[in-house]
Structures are given as structure tokens and as C-alpha cells.
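A short worksheet on the structure shown next.
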Amino acid sequence: MPHIIRLRGAWESIPREGGMHHSRNFGRPRTLDAHGRVWLICQNVPGPVEVYMNGQAIGGNREMGSFAADITDLLQTRNTILFAVTSSEPLGEVSIEIRTET
């Protein structure tokens, strides 16, 4: 069973031409061990999206719907996530999941 950390509040949403940029900072999970993988999950992206972790594109250009990507190899002590969405609707719940590999 994964350990889930919900990324509520502290999101910065900035209008841009044709949509919104939603960004948030977070720290490296303290509970991450050598066998853990960290996944970025968004329950609902309201339109086509480009997702960035610490300035690097992850997951490619996705259509609306749910989003999930393994971000373990991109983690730093402090991190920034950016969802560049071509919609002005809000993002669904965003979380990071720590999954243990066996």
C-alpha cells in the first residue's frame, strides 16, 4: 500500500495565454528509502497539459484526465512542480505516492 502525501494549498495559479500555470514547491519525502519510488498523481487535469518537475518535462504532452508519473530520479531536497494547462478550470487533487518496490 503506498504512502500518500496530498499536496493541498500553497498552489500558485497564474493565468497564461490559453490556460493556466499551476505550480507548487515541496520537499523530498523524509520516509523515502532505497526501495521506494515516488509518483506524482493528479486525479483530474482539466485540459491538455505539459507537466514539469524542477524545470524538466515529465510525462510528455497529455490530454485531459488523470496524470501519473514516476518522479523519483528527479527529486531534489526542494522541488517545484508545474502543470501548464490549456484550461482555466482548477486542477483535481494532486498527491505524491511513495511506493515500495519488492
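The values are calculated or read from the model by the stated rules, or taken from the named source; none is laboratory data. In this text the structure is predicted, and so the values were computed from the model without any measurement. For neighbour counting, all protein chains shown are included, and Cβ atoms are generated from backbone atoms with ideal geometry for every residue, glycine included. Just so you know, the surface numbers come from the protein's heavy atoms only, side chains and all, with ligands and any DNA or RNA stripped out. Shrake-Rupley method; radii C 1.70, N 1.55, O 1.52, S 1.80 Å.
List, in order, the whole-Hz ³J(HN,Hα) value for each residue of region 85-96 obtained from phi through the Karplus relation with A = 6.51, B = -1.76, C = 1.60 and θ = phi - 60°; use x for Gly and Pro.
Per-residue couplings from phi come out as 10, 8, 7, 9, 6, x, 5, x, 4, 10, 8, 10 Hz.
Using the charge dipole of the chain (Lys, Arg: +1 at Cβ; Asp, Glu: -1 at Cβ; taken about the Cα centre), state which of Ala34, Pro90, His21 has its Cα farthest towards the positive end.
Farthest towards the positive end: Ala34.
Compute the relative contact order of the chain as a whole-number percentage, counting only Cα pairs closer than 8 Å that sit 6 or more residues apart in sequence.
43
Give the label of the value calculated from the structure for percent of Cα pairs over 25 Å apart, choosing from [x] 15; [y] 37; [z] 41.
Recomputing percent of Cα pairs over 25 Å apart here picks out [x].
When only DSSP loop residues count, what trypsin sites (Lys or Arg not before Pro) in region 1-79 have their Cβ near at most 13 other Cβ atoms within 10 Å?
Answer by residue number: Arg8, Arg30.
For region 14-74, what is the relative contact order in percent, using Cα pairs closer than 8 Å and at least 6 residues apart in sequence?
Relative contact order for region 14-74 comes out at 32 percent.
Over the chain, what percent of the accessible surface lies on carbon and sulfur atoms, probe 1.4 Å?
Carbon with sulfur: 48 percent of the solvent-accessible area.
Can you tell me the FRET efficiency between Glu101 and Glu63 if r is taken as the Cβ-Cβ distance and R0 is 22 Å, rounded to the nearest 0.05?
0.15
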